[in-house]
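The values are calculated or read from the model by the stated rules, or taken from the named source; none is laboratory data. As the structure is a prediction and not an experimental result, all values here were calculated from the model. Neighbour counts run over all protein chains shown; Cβ positions are idealised from the backbone, glycine included.
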Amino acid sequence: MGDWSTLDVQMRQYSPRLRDDLRIEAAASNYLATTVANESAALPPDALTEIREQDVVGLHARLEELTAFQAFMDLANSIPSHPAVVRAQVITQNYFCFVYLGESCFKILQRHMPSTSTTRRCCRFLTDNPIRASQCTRSRELALQGRFLWPPFLGAQGQRPERAVVRI
């Protein structure tokens, strides 16, 4: 399927939180990208077919977009910190993680994964609105340190749209 070791190393900083908050086993939390890739590859053929059919962008184009995103983040981290660049990083990261990947990958993948899988737990974590709101707030506070206006987060609590809207 591929070598996910570079992404495994990048994600390893989140291992304690994955173990504590999502109850992911130590081995899976230390090799998260490899675990997700292996669990995805092990899905039944009909599930893989449905996931591919739902993906209007296509795997190769999506990987190019993710590679470009990583290149942008690497470039932004290589220059002296500037509030406008930090803000662009936060906005781009939140969009990619919560909107782009949430809508195009995480939701459908979550439906097909076994309930105890690492992948399903991660997908649920990344698509749950209170988590998204918490990440937006945390990013806002860390990146902008109260010096700039920041748009509020508005979203339904949890997965059901009929739940009350949260403003953070």
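Of the residues Ala33, Ala37, Ala28, only one is touching a residue at least 60 places away in the same chain (Cβ under 8 Å) and outside the structural domain of Met73 (by TED's automatic domain parsing); which?
Checking each option against the conditions leaves just Ala28.
Need the failing condition index for Val56 against (1) among the β-branched types (Val, Ile, Thr); (2) surrounded by 13 or more Cβ atoms within 10 Å (Cβ to Cβ); (3) under 14 Å from Tyr100 (Cα atoms), just the number.
All conditions are met except number (2).
Let me confirm something: among Ala33, Ala26, Ala71, which residue is surrounded by 15 or more Cβ atoms within 10 Å (Cβ to Cβ) and either in contact with a strand residue (DSSP E or B) (Cβ under 6 Å, 6 or more places away or on another chain) or over 17 Å from Pro114 (Cβ atoms) (or both)?
Matching residue, one of Ala33, Ala26, Ala71: Ala33.
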